[in-house]
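Inspection log for the structure reproduced underneath, given as structure tokens.
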Amino acid sequence: MLEAKRLGNGVVQRAVVSVLAAADRALTVGEVHGGVEERLGQPVSKDSVRSCLSSAVRRGDPSFERTTPGCYRPMRSI
């Protein structure tokens, strides 16, 4: 049985940034999650993706903005 590897620090966050930067519209958490799993080629916790998005919005210099509950887009070109 193959054991799931823990992803390194920042791997999910970089994938989230990449997914949002490639989008031409605001994405739901589910869409971002699907894009992250596709980019990384392995299952990723939806909670990890949600955490990346919410922590980015709370930072003093946010990378993303929440457009509506559960939808995000980049604040500026990434």
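The values are calculated or read from the model by the stated rules, or taken from the named source; none is laboratory data. Not measured: the values here are computed from a predicted model. Every residue, glycine among them, receives a Cβ derived from its backbone with ideal geometry; neighbour counts consider all protein chains shown. The area values use the complete protein model at the heavy-atom level, side chains included, leaving out ligands, DNA and RNA. Shrake-Rupley method; radii C 1.70, N 1.55, O 1.52, S 1.80 Å.
Couple of notes before you dig in:
- If the condition is being part of a helix (DSSP H, G or I) and either at pLDDT 95 or above or within 17 Å of residue 46 (Cβ to Cβ) (or both), then the range 1-16 contributes 11, 12, 13, 15, 16.
- Considering residues of the range 17-52 that are among the small types (Gly, Ala, Ser) and in a helix (DSSP H, G or I) only, the residue farthest from the chain's Cα centre (by Cα): 22
- Filtered residues of the range 1-16 (kept if open to solvent by 40 Å² or more (accessible area, probe 1.4 Å) and within 8 Å of the chain's Cα centre (by Cα)): 13, 14
- Among the criteria (1) open to solvent by 50 Å² or more (accessible area, probe 1.4 Å); (2) at pLDDT below 80; (3) of a type in the set (Gly, Ala, Ser), the one residue 45 does not fulfil is (2).
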